[in-house]
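The values are calculated or read from the model by the stated rules, or taken from the named source; none is laboratory data. Just so it is clear, the structure is predicted and the values come from calculations on it, not from any experiment. Reconstructed Cβ throughout: ideal geometry from the backbone, glycine too, with neighbour counts over all protein chains shown. Accessible surface areas use protein heavy atoms only, side chains included; no ligands, DNA or RNA. Shrake-Rupley method; radii C 1.70, N 1.55, O 1.52, S 1.80 Å.
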Amino acid sequence: MGTFKRGHADVLKWEQANLTADARQPVATGAAIPTAEAAVRMAWRAHLELAGPLARLGAQNEQLIAEGRWTALDPSLQRRVHDAGEVLEVAVQGRKAWIEAVAAQQVLKHQRDMLEAAQAASELGQRMVTVGNWSKLQLTPVQLAETNARMTLRRAQYAADRAQSSLIKTMGQMGLQDGFSLPEQLPAIPAQAMSEAELQPRAEAIRQQLPDAESLRNRALFRQSMNAYRSAHALALDSQGDVLKTREFITEETVLHYNGMLKSVWDLLDEVRNQSQATVAAIGAQRDFWIAETDLQWVLQGGAPDGFVSLGGSGGDAPAAAAH
């Protein structure tokens, strides 16, 4: 067993000592965008033509939009303030770009964890072949698992780089920033979703401000965005609640059994990968919720996304979100 003594700490020490250069590379360094509000304001600054509409909206409305509290806006705002729609649309773009970049960075970290566990298993398997406890055929599944983990990490790195590039473009910083410093995780999901009954009066008030054809279209978009929002909220709660908590419990029990010599190192390393996979899925669900929430708020201002978030996709890729 070499350096793999009985104890989870020793396995993790080996993993830390054997990280590849690619796995250690940070996602980005540069100016900080700590919140979605900061992202919205930076996106606005990239559009000089919005200075006038922002001034006409006033500080209070500007603050509500930047914070994502759009349901508190006057439904007649866009009719009364010329180019208010452009202000809102740029806010949608900034908010979504930030959400996707933060989520991609989170996913990248956990894909690294999965590679580390696969590397530890592969190293142990190689040692077992060397001392004659395993055949080369027995080693092949472990080697394939490491290769697959490395490929997945590269995809996650590419997705994170792509999300950063999109964020840089949205912020009007192409050629000026190589990447932004982002928070380690997305905001928490609210315990309760907004209900259709709560939002229906708002939707009706918006439709009264729209021409007939747009009003009919908005009615259909409201149903679609509400469905995406509620589904995304339920999935996010389940993935971060029952699924992740159960997986964390299994991991804790596996560590205890491993330390008590009731589980093998293979069981432990498999469970490290399983928990990382569950975490990646939870991040994807959390990201999808915030994208769906942004689309819903945009529809409730009369906006018309080209599509809605695709639920249940890979946590390592950007979502198939609505076009801006």
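Backbone phi angles across region 198-203, fed through the Karplus curve with coefficients 6.51, -1.76 and 1.60 (θ = phi - 60°), yield HN-Hα couplings of 5, 8, 4, x, 5, 4 Hz in residue order; Gly and Pro are listed as x.
Taking 30 Å as R0, compute the FRET efficiency from the Cβ-Cβ separation of K245 and S195 and round it to 0.05. Could you put the intermediate results ahead of the total?
Working: r = 26 Å, r/R0 = 0.86.
With a Förster radius of 30 Å, E is 0.70.
Inter-part distance, region 151-226 to region 45-96, computed on C-alpha centroids, equals 15 Å. Put a dot 7 Å past the Cα of E49, heading toward its Cβ, do the same for D178, and the two dots end up 3.4 nm apart.
The shape of region 133-174 can be summarised by an equivalent ellipsoid whose semi-axes, obtained from the alpha carbon gyration tensor, come to 40, 5, 4 Å from longest to shortest.
Under the 0.36 nm per residue contour assumption, what length would be gained going from the current alpha-carbon distance of Q224 and N274 to full extension?
The span from Q224 to N274 would gain 14.7 nm if fully extended.
Largest first, the extents of the alpha carbon coordinates of region 64-173 on the three principal axes equal 80, 27, 16 Å.
Of the listed peptides 228-237, 135-144, 170-179, what is their order by residue-averaged count of other C-beta atoms within 10 Å, with the highest listed first? List each step's numbers first, then the result.
Details: 228-237: 21.4, 135-144: 12.6, 170-179: 15.5.
Ranking, from highest mean packing down: 228-237, 170-179, 135-144.
Straight-line reach from K96: taking Cα to Cα under 16 Å and skipping same-chain neighbours fewer than 8 places apart, the aspartates and glutamates in range are E37, E67, E86, D161, D288, E293, D295, D306, D317.
At 1.4 Å probe size, with every protein chain present, just tell me what the per residue accessible area of region 75-166 comes to in Å². Each step should come with its number before you reach the end.
On the way: 4010 Å² over 92 residues.
That works out to 44 Å² per residue.
Across all directions, the average flat footprint of the convex hull enclosing the Cα atoms of region 159-259 is 11.2 nm².
In straight-distance terms, cross-link reach from K136 covers every one of the aspartates and glutamates whose alpha-carbon lies under 18 Å from its own, apart from those fewer than eight places away in the same chain; here that gives E123, E146. Projected label points at Q185 and L210, each 7 Å from Cα along the beta carbon direction, are separated by 3.7 nanometres.
Which order do peptides 245-253, 116-124 fall in by mean Cβ count within 10 Å, highest first? Intermediate results must be reported in sequence, preceding the final value.
Values: 245-253: 13.4, 116-124: 22.6.
Final packing ranking: 116-124, 245-253.
Plugging the Kirkwood radius over Cα pairs into Stokes-Einstein for region 100-156, at a temperature of 25 °C and a viscosity of 0.890 mPa s, what D comes out in µm²/s? The calculation lands on 203 µm²/s.
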